[in-house]
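This report concerns only the one structure given below.
What follows draws every value from the coordinates through simple rules; no lab data is involved. None of the values given here were measured: they were computed from a predicted structure. Neighbour counts run over all protein chains shown; Cβ positions are idealised from the backbone, glycine included.
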């Protein structure tokens with residue numbers, strides 16, 4: 001009974017205003033529309049995941065959330081993302097190794113490294129490891145939408161050029 005009473009008191013006092021967004025590993029807005037952008041997201045921060053979740057309906061993105069890079073790597077063949085958002089702060093491996101592994105999947109997704117540091121040196125390292133760009137933290141809608149659209153345009157152009165050669 002006490003947890004229920006505490007929850008009611010927290011709600012009344014405003015202490016329980018934690019933002020709720022899509023749980024990890026849940027797909028959002030998945031349709032088979034070639035104009036939709038499929039994004040696989042590995043973000044450490046809940047607020048960043050919530051922002052991506054909010055933007056998914058606004059910008060026609062199919063967003064999938066994963067807990068770790070190994071899970072994400074395994075999902076790439078199933079969901080075929082054009083964009084992979086990988087947070088440098090996700091624990092478990094060196095970001096260089098993860099960017100390289102994710103960029104080398106069969107979909108050749110554009111890997112965007114999300115980082116508190118966003119300078120030319122880091123960008124060069126990301127590109128030399130197969131990534132596409134660096135997105136500064138904390139995530140902001142304008143920056144994220146711009147980079148996602150550019151990456152998708154690049155990815156889509158490469159994909160169409162490959163299809164024309166076949």
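What the pair-distance distribution of the stretch 97-140 shows, using all Cα-Cα distances binned every 10 Å from zero, is 33, 51, 16 percent. Ordered by the number of other Cβ atoms lying within 10 Å of each residue's own Cβ, fewest first, 116, 88 fall into the sequence 116, 88. In this simple spin-label model, placing a label point 7 Å from the Cα along the Cα-to-Cβ direction at both residue 35 and residue 57 gives a separation of 2.0 nm.
Going by C-beta contacts inside 10 Å, put 84, 39 in order with the fewest on the left.
39, 84
Footprinting exposure proxy ranking of 65, 86, fewest other C-beta atoms within 10 angstrom first, gives 65, 86. For the stretch 21-165, the C-alpha radius of gyration divided by 2.2 N^0.38 Å, with N the number of residues, is 0.95. On full extension, the segment bounded by residue 80 and residue 161 gains 27.4 nm, given 0.36 nm per residue less the C-alpha separation.
Taking every DSSP bridge with both residues inside the stretch 21-165, close to 10 percent are antiparallel.
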